Structures are given as C-alpha cells and as structure tokens.
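Read through the structure below, which is laid out as structure tokens, and then see the notes.
The values are calculated or read from the model by the stated rules, or taken from the named source; none is laboratory data. Since the structure is predicted, the reported quantities are computational estimates derived from the model, not experimental observations. Cβ sites come from the backbone with ideal geometry, for glycine too, and all protein chains shown count toward neighbours.
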Amino acid sequence: MFTLPQWIALLPPLIVLTSTIITRHLLFSLSLGLFSGALIATTFRPLEAAALLLKRVTEQITDIDMLYVYLFLICIGILISLLDATGAAKAAALHIRKKINTTPAAEKTTFWLSLSMSIDDYLNCLTVGYVMRPLTDSVGIAREKLAYLLHTFAGPLVVLIPISTWGTFITSQLDSAGIKPTAEEGAKIIADPFWVYLQSIPYIFYSLFAIASAWYIIKKRISFGPMQRAEFIAQQSVHTTLQQDMSDNKAHLSDLLIPLAILVVSVGIGMLYAGGYWLMGGTHTLLETLRNNDQAFAVLGISSMITVAASISLSLLRKQIRLRNLGSIAYEGVQLMIGAITLIILASSLGSILRIDLETGQYLASLLLGHLPIMLLPILMFLVGTLTSTLIGTAWGTIALLFPIAIPMAITMAESAPEVITTILVPTIGALLSGALFGDHTSPIASAGVMAATSAGCKPIAHVHTSYLYAIPALLGAGIAYLLCGIYMQPNLLAHTLIRLLSCLLVGLSTTLAILHLMKRLWSKRHPLT
C-alpha cells in the first residue's frame, strides 16, 4: 500500500472548477469531482472507491433533514407552477398597472414585488419580470434596467430571507460542512446550522450593499455607463399602450398573496413551536427559541406541504384549475426543481468526502497557519468566492464547493483562540456567501442572470454588459468592510459584537455610495450623452 501526498486532497475541488469552466456543465463537473475524491480517498482502489461513493451518496439521500430539504424544494416548484397555471401573476400585473404610471414608481414597485417573492430567486425573476415588463415598457424603463433590478432583487435579496430555498440550501451545506447540532461523525463544531446562518446574515455585505445601491440609484435617478445609453434609447421609444385584455383570467391578486402568507405564517409558527417558545407551551424566550431549534428542515418541509395543499384547494374552489390538471402542474413543478435537488445531492456528497475522508480544509489550514494572518481570512474568502462564482457561473455551486473547505479551515485556524471562534466563523461564512453572490450577479453564464434577462425581454449578454459597472461599488464596499471585519478579529480589539458589525456596515455602505457617485461623475465628464 502506498501513501498519497497531502496536496492531492486539493485535486477534487480543482477538477470541479476546471471542468465547469471548460464544459459549462456543473452537474457533470460535480460528478467528476465526486468520483475523483472517492478514488483519492481510497488510494485509487476502484472497488473501495465505489463503496465509499455509494455510502456518501446514500447518506445524503436518506438523511431525514435532507429529505425535508428535497420536500421543500419540490413544494416550492409545484407552487411556482400552480401560480402560473391559475394566472395569479397576470392578476398582480393588472392590479399594479392601475396604480403605477411613472418611472420611479415602477422601479420601486419592482423592489416591493421582489420582496414579496423572496421565497426563491427563480420565482422572483420569472414572476416579477412577467408582471413588470409591460408596465416598465410603457413608462420608458429600459429592459436592461429591468433585468438589472430583477437580478439585484433576486439572489441578493432571497439570501437574506431565512424562509427561502436559499436559506434551506445554505443551512444544509453548513450541516454538510461540519456545523451540526449534535456530536456525530463529521461534526467540526456543535451548533445549530440554522442559527449559525441567521448570525451570518448581517455579514453578507455584498448582498446588503448591492440592494442599497440599487435603491439609491432609483431614488437619486443615477445613470451612467452602458446602462445610460440603454435608458436613453428606451425613453425615445416609449410604449404608450398596455395590453389590458384580462377577460379570460379568473385569478385575483389574493391568489398570489395568500400562498405567500400561508407559507410565512406556517414557518413562523412551526419555528416557535419546534424551538419551545413559551407562548407555544415551552420555556424559551424568542432568542433561545431560534438558537435551540434543531427542526428547521422539518418545519420548512411541512410548512411547504401545507402551503401547496391550501393553494390547490383554493384554486379548485375558485375553479381556476381542474382535478385533471393537477398531475401536469405537479410534474412541471418537480421538473423545475429536479436540477437543484440533484445539485444538492452531488455537492453534499462531495462535501462529505472533502471534509471526512480527505480533510481538505484542515490541510489548507495547516498550510496557512503561521503564514496567513487570521485577520485576512474574511477578505480572502470573499475574493476566492468571487473568482470561483464568476468562473463557474453559479452561487450554489460555489457554496457547495467552498463551504466544506473553508469552514473546517476557519475552525482549525481558530483553535488557538477559541474565545473568538464565532467572530471568525460567522464573518467567514458571510464573506463566502457575498463572493458567491457577486459572481452569480455578474457572470455571463449565471443561470439567474439568463433568467432575469429573458424575463425582462433583453439579451443575456446585454444584461451583463449594462449592469456590470453597477455591481462594482458594492464589490469594493464589501471588500473594505471585510478588511475592517478582519482587523476586529485581533484579540485586543474585540469590542462589542454589535459595535463591530455596525462600524463595518457603515464604512462599507459609505464606500459603496461614494464610489457610485464618483463613477457617475467620471462617466458624465468623459462620455456626455448626446
């Protein structure tokens, strides 16, 4: 038997990254990384590699928490399909058209409608784009500008909402990366992954700054770069009429709002009950309830089932669909999410091999210990996440690829200073999520970008070309915030957590808005619009 060098543990993620760049097929690349990881872990013995592969994949398929994740995704897919079949989106469009007739109001409405659709980024892009495009055409908003708003208010907004497909996916990946509620195989730190995700939300700086800059652009009527040209052309060819024929549509605005309300209320009640909130017969305060709840996956899965059942019943009672249509609606919903479910299974299996069998994160930490100051960890993870996501064009793929490496590495690097492990781990998670979001927001091969462009009615390459400059200020602001966050990791600078966070947010946001204004001024001087 021969011993493999430690550096070979880095090959599976590198194979995934390289293959995705070359083939543009993430599922194939993850499968390739999974097979290579199993072979390396068993020193290239095919039969043992196959047994290890089967074991890790079976663990992900049969794990009760992961089953609830799959159930949640499937139910969300069916809900999206149902909303399309009932015409709920068309009803929302008609309602909004009666009240909005100016450019600023239409752009602000895009934000508020996106906020109401923050369950899933695909649902967000498809529904909001379908509703808003006729309206934005009528008031002279460029379709490229609509695509930018759709994309900015999709992933960056949804990732901040715990009750969403993103929240479920991130929590599952944290669990897969070794953050587990109980001491079990592969546990690197004992903590509820959902609670850790909640703590990391304020540190997803790019998401917060991108949304803030988009709102600021709307409020201050800021326009520069290729987007300015697109807006100028749109203003010269305003669509003066709207298609108002809705006579065949039996849906009402409530058909869109009721399912969302049922889901939010069900999850809220479920989380309180499962966490032992005192109003639900338990003994915990609200904060203790969130921290001690280890049934987040079950709550999301069951709540999504309740939402779908209630929505179908309501649609049948209103005679918007018939019983014979349910099969096709369910099939379309499952098809919509089958790719995401496959991605989770493959990515989580690869993550288990990297964490348990290859210990890739620990190896990287051993290389960096003594060489990389721990204060640089957040900005490093942000840059690595940004580069990876830009190259492979998917935030979820980046999260699945980097979490099993970065989280064990951060935990290992913090072992010498256990009193600051939360100060290190939570910002590192936020930095990785921010980097993944930036690449997903700007990559020309990102599926969310293609969906936003298609929904808005413009070419994907035009969307990337016009919106890229608008993402730069948030990128730089987030980078400054993570540098400051790293400085606060020094033991002698451990101020109150809230003070650290607020100072990072204030400096980062100020930097973002200042750069936004500077870019506008420089563009106006060098490229006056004629």
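A compact table of results
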quantity: Test: residue in the stretch 58-67 that is without any contact (Cβ under 8 Å) to a residue 12 or more places away in the chain and not in a helix (DSSP H, G or I); calculated: yes
quantity: Single unsatisfied condition, residue 320 versus (1) under 30 Å from residue 274 (Cβ atoms); (2) not in a helix (DSSP H, G or I); calculated: (1)
quantity: Residue 26 within 23 Å of residue 398 (Cα to Cα) and in contact (Cβ under 8 Å) with a residue 24 or more places away in the chain; calculated: yes
quantity: Residue check, residue 383 modelled with pLDDT of 70 or more and assigned to a helix (DSSP H, G or I); calculated: yes
quantity: One residue from 161, 204, 170, 190 being free of Cβ contacts under 8 Å to residues at least 60 places away in the same chain and either within 24 Å of residue 461 (Cβ to Cβ) or under 17 Å from the mean Cα position of the chain (by Cα) (or both); calculated: 161
quantity: Single unsatisfied condition, residue 289 versus (1) over 30 Å from residue 91 (Cα atoms); (2) surrounded by 21 or more Cβ atoms within 10 Å (Cβ to Cβ); (3) at pLDDT 75 or above; calculated: (3)
quantity: Flag for residue 142 being crowded, with 24+ Cβ neighbours inside 10 Å, at pLDDT 85 or above and in contact with a His (Cβ under 6 Å, 6 or more places away or on another chain); calculated: no
quantity: Residue within the stretch 4-12 that is modelled with pLDDT of 80 or more, under 26 Å from residue 344 (Cα atoms), surrounded by 20 or more Cβ atoms within 10 Å (Cβ to Cβ) and under 26 Å from the mean Cα position of the chain (by Cα) present; calculated: yes
quantity: Inter-residue pairs, beta-carbon under 7 Å, first surrounded by 14 or more Cβ atoms within 10 Å (Cβ to Cβ) and in the stretch 35-57, second not in a helix (DSSP H, G or I), 6+ apart; calculated: 37/358; 40/4; 40/358; 41/358; 48/42; 49/42; 52/42
quantity: Residue within the stretch 417-436 that is modelled with pLDDT under 80, touching a strand residue (DSSP E or B) at 6+ places or on another chain (Cβ under 7 Å) and either in a helix (DSSP H, G or I) or within 18 Å of residue 157 (Cα to Cα) (or both) present; calculated: no
quantity: Qualifying residue in the stretch 74-97 (condition: closer than 24 Å to residue 227 by Cβ and more than 26 Å from the chain's Cα centre (by Cα)); calculated: yes
quantity: Selected residue (only one of 19, 29 is in a helix (DSSP H, G or I) and over 22 Å from the mean Cα position of the chain (by Cα)); calculated: 19
quantity: Scope the stretch 485-520; condition buried (at least 17 other Cβ atoms within 10 Å of the Cβ), farther than 17 Å from residue 207 by Cα and either of a type outside the set (D, E, K, R) or modelled with pLDDT of 90 or more (or both); matching residues; calculated: 486, 488, 489, 519
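Every residue, every condition in (1) surrounded by 14 or more Cβ atoms within 10 Å (Cβ to Cβ); (2) charged (D, E, K, R); (3) over 15 Å from residue 16 (Cα atoms), yes or no:
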residue	(1), (2), (3)
319	no, yes, yes
334	yes, no, yes
337	yes, no, yes
344	yes, no, no
348	yes, no, no
